[in-house]
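**Student:** Pasting in a structure now, in structure tokens, and then I'll have a few things to ask.
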């Protein structure tokens, strides 16, 4: 099944006005509203024509204050049918003093999303609503901020350990 066929099936199910595509890059991308992520992903997983049984990766991107958006990208594969799909949602970015942006979890569809979503939360600061264990996965629980955000401010010290290395290592 090719990208156009998959897009047609999804658009017929969820409405053509909510579905967009980006075919400029090496892999075409299906762009959906952030509110529909869980619904579309469940459909892609359960529909017998497509059966995307494998979530390979979730990528979270902070586009910075200029664009004021973030992106979440899902790389899906149907192992039995041998086709791949990349889906993306673009949503408003929060300011540092505001609550984190919220995206519906897909961990109830693909168990591997549990770890991918925790990584996106930890490093980029996206909260996945409905996630069974939304806590940091790479950084300590008391770490301040989300280091892959464009507005991240590196703390000088963490528990007395010097962590800022912008001007080279400091051995004081």
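**Student:** Would the stretch 129-147 turn up any residue that is closer than 30 Å to residue 25 by Cα, in contact with a helix residue (DSSP H, G or I) (Cβ under 8 Å, 6 or more places away or on another chain) and surrounded by 11 or more Cβ atoms within 10 Å (Cβ to Cβ)?
**Tutor:** Scanning the stretch 129-147 turns up at least one residue that is closer than 30 Å to residue 25 by Cα, in contact with a helix residue (DSSP H, G or I) (Cβ under 8 Å, 6 or more places away or on another chain) and surrounded by 11 or more Cβ atoms within 10 Å (Cβ to Cβ).
**Student:** If you check every pair at least six apart or on different chains, which have Cβ atoms under 9 Å apart with a residue in the stretch 19-34 that is farther than 21 Å from residue 104 by Cβ first and a residue that is loosely packed, with under 12 Cβ neighbours inside 10 Å and modelled with pLDDT under 95 second?
**Tutor:** none
**Student:** Another question, then. Find the residue count for the stretch 112-145, including only residues that are at pLDDT 95 or above, within 15 Å of residue 101 (Cβ to Cβ) and part of a loop (DSSP other than H, G, I, E, B).
**Tutor:** The qualifying residues number 5.
**Student:** Conditions: (1) surrounded by fewer than 19 Cβ atoms within 10 Å (Cβ to Cβ); (2) more than 26 Å from residue 150 (Cα to Cα); (3) in contact with a strand residue (DSSP E or B) (Cβ under 7 Å, 6 or more places away or on another chain). Residue 111 meets all but one. Number of the miss?
**Tutor:** The number of the failed condition is (3).
The values are calculated or read from the model by the stated rules, or taken from the named source; none is laboratory data. Bear in mind that the values here come from a model prediction, so they are computed numbers and not experimental data. Every residue, glycine as well, gets a Cβ built from its backbone with ideal geometry; the counts of neighbours run over all protein chains shown.
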